[in-house]
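Below: the structure, in structure tokens.
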Amino acid sequence: MTEVVAQRALGRALLERQHLLRPTTASAFDVIDHLVGMQAQAPLAAYVGLWTRIIDFDPEELSRLTDERRVARALMMRCTVHLMTAADCLAVRPLLDGLARRELQGHFKRQLDGIDVDTVAQAGAELIAAQPGTRVEIRDVLTRRWPTADADALAYAVSYLVPTVQITPRGIWGTNGPAAMTTMESWLGRPPEARPVDSIVLRYLAAYGPASVLDAQTWSGLTRLREVLERLRPGLRVFRSEDGAELFDIPDGPLPDPQTPAPVRFLPEYDNVFLSHADRTRVNPDRRRIPLPPGNGASMGTVLIDGCYHANWRLRREDGAAIVRVDPLRPFTSSERDEVDEEGLRLLGFIAADAEAAKVEIA
């Protein structure tokens with residue numbers, strides 16, 4: 001009989017593999033590699049994501065990796081911006097070509113009717129390989145060649161169909177810049193080359209498992225992963241969730257005791273711990289909508305209490321002081337309030353080290 005894994009146990013397994021149950025001493029590069037990238041629509045969010053996972057994380061470490069082009073921000077899983085190692089950018093992006101084309105058609109089918117989008121993409125690739133540009137700058141150039149076409153649709157055709165990266169100084173701690181892009185090949189020094197999808201799925205299970213076929217497809221945006229997992233089945237462990245879903249896992253994936261204490265964790269915007277499963281109740285048991293705020297990041301996010309999403313946080317500055325406001329989604333116990341206060345002050349020491357004073361407000 002297939003072993004059933006309780007939802008709380010799945011939550012603890014996810015936290016352990018995400019370095020949220022116990023922080024790691026691994027390098028930022030190794031953590032990004034292990035996680036198969038980190039959500040990075042908000043360009044500074046990954047710094048908070050690494051801070052909460054790595055003991056004594058120094059933001060300069062990630063800035064240096066970005067400047068050295070060992071990691072990059074690119075349109076990847078689910079056609080959203082991820083921070084990934086250069087090797088993963090080049091190996092994973094080709095697997096997502098079909099997804100990117102479907103997303104473009106889903107958003108701009110009418111606006112691009114009668115337009116050869118591959119010709120647009122080629123023109124855009126040549127443009128940004130020679131001179132990196134923002135989507136607005138790409139749009140303004142392409143409309144000279146396609147004056148009657150929808151200008152925004154032309155620019156999005158490039159950002160969806162051309163493997164690109166967002167270049168520095170965007171995503172550098174302590175500074176920022178426009179969302180200018182160039183081709184992945186020109187920035188990373190070699191063309192994208194697909195890695196077998198089997199290896200990517202195995203790495204997903206190592207960082208997010210045990211997981212179902214739908215979980216893996218939700219994380220990646222890819223389809224037809226059942227045939228991949230069936231091919232891998234002989235080398236995997238197979239479980240059942242409490243609701244009967246079949247779950248796959250690597251042979252040595254950690255499954256901590258479900259009663260293992262889970263410390264309070266402040267997470268950034270868009271953290272993948274919330275976005276990488278079809279069934280997200282392992283860390284979001286109340287099925288609350290995860291806030292997806294705009295901005296550069298490192299100024300708001302979510303809070304895990306006892307391993308689950310139970311609060312939001314936001315930074316504000318006032319008369320030289322840095323204040324992190326915590327809005328609970330359920331009442332806190334006295335000990336939870338103390339732990340939130342302690343961890344909130346530690347967060348302020350990272351994101352607002354220049355402040356004259358630091359304070360945590362629990363609404």
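Taken together, the values in this text are just the output of simple stated rules run on the coordinates, not laboratory data. Predicted model only: the values in this text are computed from it and were never measured. FYI the Cβ positions are ideal-geometry reconstructions off the backbone, even for glycines, and counts take in every protein chain you see.
Some notes on this structure:
- Applying both filters, DSSP loop and at most 11 other Cβ atoms within 10 Å, to the trypsin sites (Lys or Arg not before Pro) of the range 24-84 eliminates every site.
- Dipole orientation for the range 9-58: of the candidates Ala28, Val48, Leu14, Leu14 has the Cα lying most toward the positive pole (charges on Cβ; Lys, Arg +1; Asp, Glu -1).
- Taking the Cα centre of the chain as origin and assigning +1 to Lys and Arg Cβ atoms and -1 to Asp and Glu Cβ atoms, the resulting dipole is close to 800 debye.
- Taking amide H as placed 1.01 Å from N in the peptide plane, the amide H of Val81 sits under 5 Å from that of Ala40, Gln41, Met76, each at least 5 places away or on another chain.
- Think of the range 170-237 as a dipole: +1 on every Lys or Arg Cβ, -1 on every Asp or Glu Cβ, centred on the Cα centre; then among Pro191, Trp173, Pro234, Pro234 lies furthest on the positive end.
- Under the convention that each Lys and Arg Cβ holds +1 and each Asp and Glu Cβ holds -1, the size of the dipole of the range 105-243 around its Cα centre is about 300 debye.
- Extension gain, Ser334 back to Ala129 (0.36 nm per residue minus Cα-Cα distance, nm): 68.2 nm
- For Ala311, the residues whose modelled amide H falls within less than 5 Å of its own, excluding neighbours fewer than 5 places apart on the same chain, are Val303, Leu329.
- Of the GluC sites (Glu not before Pro) in the range 304-363, the ones in a loop by DSSP (not H, G, I, E or B) with at most 13 other beta carbons within 10 Å are Glu356.
- For the chain, the spread of Cα positions along each principal axis, largest first, Å: 64, 62, 36
- The magnitude of the dipole of the range 258-311, with charges of +1 and -1 set on the Cβ of Lys/Arg and Asp/Glu and taken from the Cα centre, is near 100 debye.
- Förster-model FRET efficiency, 51 Å R0, Arg224 and Glu356, C-beta, rounded to 0.05: 0.35
- Looking at the range 165-242, the GluC sites (Glu not before Pro) that sit in a DSSP loop and have at most 10 other Cβ atoms within 10 Å of their own Cβ are Glu193.
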